[in-house]
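Working notes for the structure below.
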Amino acid sequence: MLQVNGYAVDAETPLDLMTSYLTPNDLFFVRHHWIPQLPDKAAWKLAIDGEVSTPLELTLADLRRLPKTSVTSVLQCAGNGRGLFKPYVAGVQWQYGAVGNARWTGVRVKDVLAKAGLKGGAKHLHTFGSDKPPEKVPPFHRSVELDKVLEDGIIAYEMNGEPLPDLHGAPARLIVPGWAGDHWMKWLMRLSPQPEAQKGFYMDVAYRFPNKPGEPGVAFKPEEMSPVKVLPVKSSITTFPEKTKAGAPAAITGFAFSGAGEIAKVDVSGDDGATWKAAVLGKDHDRFAWRLWSHTFTPRAPGKVRLLARATDSHGGVQPREAVWNQSGYFHNAWQAVEVEVMA
Ligand SMILES: Nc1nc2c(c(=O)[nH]1)N[C@H]1C(S)=C(S)[C@@H](COP(=O)(O)O)O[C@H]1N2
Ligand SMILES: [Mo]
């Protein structure tokens with residue numbers, strides 16, 4: 001893993017280790033705002049309160065008795081790629097690896113809220129984890145639109161068939177397929193449906209993205225931005241030969257995803273985007289998952305070749321040449337380039 005922060009430890013996955021459909025748990029990127037305060041698993045209870053007729057406290061055993069469901073979904077930090085923005089943006093300098101694809105298993109948020117008797121006036125699900133910030137730092141209190149979590153949300157207690165690891169939110173975390181990682185509350189302690197969105201720094205100031213592109217380096221005003229939600233279409237290159245021979249076929253591989261829908265195609269260009277060739281998509285796919293891809297190219301002459309990858313989703317979303325610069329460094333999804341040296 002590549003460590004990008006010391007307090008708390010944030011670590012990203014090296015690109016060349018992201019070659020499997022499911023990212024192994026011990027290679028999955030880790031991000032949290034401060035040192036975790038892990039819940040005591042034996043005593044742990046998930047409180048459900050707010051706009052419900054019967055507030056509940058559910059143990060892990062209670063959750064396991066409810067109907068089990070799974071989703072394969074990408075989890076990506078909104079700040080993945082922040083370190084690639086020019087001009088520089090302050091914050092954790094993620095490159096490409098604050099993303100992974102896993103099979104998340106648990107219970108539907110819908111089922112848990114139905115059990116508590118969800119009332120009609122609720123519009124936002126307030127979420128609370130066990131971690132607490134140092135003094136004078138605002139807490140990581142969040143909320144998600146209820147419509148989204150009633151449709152796709154899962155309270156997950158398993159990751160890739162294993163109990164959810166401590167660093168990924170044990171005993172249970174929220175899964176919000178297709179949406180950025182800031183919605184995926186770890187170490188869940190309390191869920192509270194409310195009429196209004198949660199307030200505070202991590203709702204009103206952080207996690208906002210410009211409604212339309214502006215000038216790189218010029219900060220957007222609050223009214224020009226909206227909360228980060230659906231992950232924009234993006235592909236990353238995981239393996240390629242640094243050196244190859246003219247006339248010999250060589251392979252480039254990667255993954256691509258979009259929070260809006262499935263990946264329709266991935267194209268590779270060797271001439272700075274003038275012409276593109278379709279990559280072969282991997283057999284595994286799922287609405288919120290990433291799709292592996294590979295492409296074989298045969299360089300004709302010795303020299304340097306620069307390869308670009310570009311993903312397109314089933315809603316017509318096309319990965320852009322340039323990402324939308326923003327002062328928080330969110331949603332970097334520019335075409336990635338790699339250089340191959342072609343020998344005679
Ligand atoms: N309780 C809690 N949950 C949290 C966070 C946090 O700081 N505290 N960070 C969020 C952010 S910003 C991201 S990107 C994901 C990262 O999840 P991971 O560490 O399992 O990869 O967790 C989210 N859930
Ligand atoms: Mo994040």
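Annotations
- Residue match in region 207-219 (condition: within 15 Å of ligand 1 (Cβ to nearest atom) and closer than 30 Å to residue 57 by Cβ): yes
- Residues that are surrounded by 21 or more Cβ atoms within 10 Å (Cβ to Cβ) and outside any loop (DSSP other than H, G, I, E, B), drawn from region 142-157: 142, 143, 144, 146, 149, 154, 155, 156, 157
- Filtered by the rule that a residue be of a type in the set (Asp, Glu) and not in a helix (DSSP H, G or I), region 110-131 gives a lone residue, 131.
- Pairs linking a residue in region 20-35 that is within 19 Å of residue 161 (Cβ to Cβ) to a residue that is more than 16 Å from ligand 2 (Cβ to nearest atom) and part of a loop (DSSP other than H, G, I, E, B), with Cβ atoms under 6 Å and 6 or more positions apart or on different chains, are 21/284; 22/160; 25/160; 25/165.
- Among residues of region 293-305, those that are part of a strand (DSSP E or B) and open to solvent by 40 Å² or more (accessible area, probe 1.4 Å), counted: 3
- Residues located in region 297-344, provided they are aromatic (Phe, Trp, Tyr) and either touching a helix residue (DSSP H, G or I) at 6+ places or on another chain (Cβ under 7 Å) or under 24 Å from residue 83 (Cα atoms) (or both): 325, 330, 331, 335
- Residue check: residue 288 meets all listed conditions (1) outside any loop (DSSP other than H, G, I, E, B); (2) surrounded by 14 or more Cβ atoms within 10 Å (Cβ to Cβ) but one, namely (1).
- Those residues of region 25-45 which are within 13 Å of ligand 1 (Cβ to nearest atom) and either closer than 14 Å to residue 102 by Cα or in contact with a Ser or Thr (Cβ under 8 Å, 6 or more places away or on another chain) (or both), in sequence order: 25, 26, 27, 28, 29, 30, 36, 37, 38, 39
- Residue check, residue 183 crowded, with 20+ Cβ neighbours inside 10 Å, more than 16 Å from ligand 2 (Cβ to nearest atom) and farther than 24 Å from residue 65 by Cβ: no
- Residue that is outside the structural domain of residue 284 (by TED's automatic domain parsing), more than 10 Å from ligand 1 (Cβ to nearest atom) and part of a loop (DSSP other than H, G, I, E, B), where the choices are 139, 134: 134
- Every residue from region 75-102 that is crowded, with 19+ Cβ neighbours inside 10 Å and more than 11 Å from ligand 1 (Cβ to nearest atom): 81, 82, 83, 85, 89, 96, 101
- Of all residues in region 308-321, those that are open to solvent by 10 Å² or more (accessible area, probe 1.4 Å) and under 16 Å from residue 96 (Cβ atoms) total 1.
- Elements of type strands (runs of 3 or more DSSP E) contained in region 209-258, each with 1 or more residues being farther than 21 Å from residue 183 by Cα and not assigned by TED's automatic domain parsing to the domain that holds residue 184: 234-239, 243-245, 250-257
- Scoring residue 173 on the criteria (1) away from ligand 2 (no atom under 16 Å from the Cβ); (2) buried (at least 21 other Cβ atoms within 10 Å of the Cβ); (3) among the basic types (Lys, Arg) leaves a single failure, condition (1).
- Inspection of region 190-202 identifies no residue that is open to solvent by 10 Å² or more (accessible area, probe 1.4 Å), closer than 30 Å to residue 88 by Cα and in contact with a Gly (Cβ under 9 Å, 6 or more places away or on another chain).
The values are calculated or read from the model by the stated rules, or taken from the named source; none is laboratory data. What you are looking at is a predicted structure, and each value in this text was computed from that prediction instead of being measured. Methodologically, a virtual Cβ is constructed for each residue, glycine included, from the backbone with ideal geometry; neighbour enumeration extends over all protein chains shown. Side chains are part of the model used for accessible areas, which takes the heavy atoms of the whole protein and leaves out ligands, DNA and RNA. Shrake-Rupley method; radii C 1.70, N 1.55, O 1.52, S 1.80 Å.
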